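What follows is a set of notes on a single structure, which appears directly below.
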There are 2 protein chains.
Amino acid sequence: MYELFFQAFNEKVPLTSEEQETIKTFLTPKKLRKKQYLLQEGDICKYIAFVEKGALKSYVIDDAGTERITQFALEGWTISDLYSFLTGEPATYHIDAIEDAELVLISKAAHEELLQKVPKYETYIRLQITGAYIALQRRLTSIISLPIEERYKNLIALYPSIVQRVPQHMIASYMGLTPETLSRVRGRVSGKK
Amino acid sequence: MYELFFQAFNEKVPLTSEEQETIKTFLTPKKLRKKQYLLQEGDICKYIAFVEKGALKSYVIDDAGTERITQFALEGWTISDLYSFLTGEPATYHIDAIEDAELVLISKAAHEELLQKVPKYETYIRLQITGAYIALQRRLTSIISLPIEERYKNLIALYPSIVQRVPQHMIASYMGLTPETLSRVRGRVSGKK
DNA sequence: AAATTCCCTTGATTTTAATCAATGACTGAT
DNA sequence: ATCAGTCATTGATTAAAATCAAGGGAATTT
């Protein structure tokens, strides 16, 4: 249990087996069926979720009632509404399962105790969030500086598994486009090359 | 010296005066004139810069040769090409001064030694980057889910000092718009209210 | 003080993406 | 096996932003 989680952890910060056992006592496994919510807007986000298996997405609903996807999380990724988790304020994002999923949950209490008791946990979190920050910065830069076709090619290059596994209308939502527009972009991209 | 830096640090993680003195030995002050570079694309990013005074921006140049601003940093903010800083790879961003500025620089060597020697520094960095991540996530969410007018209003509400101090064509660049479009958006926003 | 550069606005036109609408393929459930 | 729902594509039209172009202030330089 928690294989992938500890694999990812050890790659960032190598753990002794005692440390690993300590950390284990703070983790909770959870399974989620496709379409089930992990978090709904307005609720307090109680967990950081690490994806052992399956796929989730986080999103907001815009004024027109359309789902706007802010993040995907496949195996090995972490997902949460971090602001809500850290502050206890109501969540601004929804999170649900795109596919049946197995998660490793870290509760707020566990998170705080781990930060106190296991120095390597703080390092893990720091590195984790640094990686997430850099990825987000890249995504934002590509949105404001590249034409749509290039953004789509980048997405394929960077996250081929997302493009393969996730329905296209979700990719469109993630890119801030309509499904029709993405379909035409795909036509142009594959036609041209 | 370093007043604002330590004020920001202490707000996140309170320091004893000894700790503060230790950290001081790792910091370097630097002044930058308006339009001077702190970093150019392709160079290795050697510093994390904290802004004591003045204003900087980071940006990329797109295929059409247009500057696309990814971040502003006013007093109290931190700016860097974090990926380049951490990995030693060539920078993808330019950073320069919008106004004459006074900075506090943390070099790579200082950063690493501080992480080793001063546990509170790691906590500071963790909280710092967490805040930056949350801010970036908000910005991205507003880009993909809100109409331009709302995005502009949000920007004014969240960062009034940026909108006041920075020329409008830079705000346009930051929002991924042309200056003409932003000008018309402003007309609509002020006309309507 | 004059000249130059920078900055913002406004108008006309073109380009791009969104919307509206319809169709066919595939999926899953009963 | 059928029916409902999901999903992607394509076409026609509308809406929005970019581009092209020009002008007028304000600030900075000489």
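The values are calculated or read from the model by the stated rules, or taken from the named source; none is laboratory data. Just so we're clear, the structure is a prediction, and the values are computed from it rather than from any experiment. For neighbour counting, all protein chains shown are included, and Cβ atoms are generated from backbone atoms with ideal geometry for every residue, glycine included. Areas reflect the complete protein model, heavy atoms only, side chains present, ligands, DNA and RNA absent. Shrake-Rupley method; radii C 1.70, N 1.55, O 1.52, S 1.80 Å.
Which of (1) in the same structural domain as A:Leu15 (by TED's automatic domain parsing); (2) aliphatic (A, V, I, L, M); (3) in contact (Cβ under 8 Å) with a residue 40 or more places away in the chain is the odd one out, the single condition A:Ile125 does not satisfy?
(3)
Tell me which helices (runs of 4 or more DSSP H) are completely within segment A:148-193 and hold 1 or more residues being within 11 Å of DNA strand C (Cβ to nearest atom) and over 23 Å from the mean Cα position of the chain (by Cα), or say none if there are none.
The helices (runs of 4 or more DSSP H) meeting that bar are A:148-158, A:179-192.
Can you say whether A:Gly88 is within 12 Å of DNA strand D (Cβ to nearest atom) and open to solvent by 30 Å² or more (accessible area, probe 1.4 Å), as far as the supplied structure shows?
No: the conditions fail for A:Gly88.
For segment B:1-16, which positions are within 17 Å of B:Leu114 (Cβ to Cβ), assigned to a helix (DSSP H, G or I) and polar (S, T, N, Q)?
Scanning segment B:1-16 gives a single hit, B:Asn10.
Limited to segment A:94-114, what total is found for residues that are open to solvent by less than 20 Å² (accessible area, probe 1.4 Å) and among the small types (Gly, Ala, Ser)?
Result for segment A:94-114: 3.
For segment B:134-169: of the residues being open to solvent by less than 30 Å² (accessible area, probe 1.4 Å) and in contact (Cβ under 8 Å) with a residue 60 or more places away in the chain, which is farthest from A:Ser173 (Cα to Cα)?
Going through the qualifying residues, I end up with B:Val166.
Which count do you get for residues in segment B:115-133 that are open to solvent by 20 Å² or more (accessible area, probe 1.4 Å), closer than 23 Å to B:Gln71 by Cα and β-branched (Val, Ile, Thr)?
1
Within segment B:77-96, how many residues are in a loop (DSSP other than H, G, I, E, B) and either within 12 Å of chain A (Cβ to nearest Cβ) or among the aliphatic types (A, V, I, L, M) (or both)?
Count: 6.
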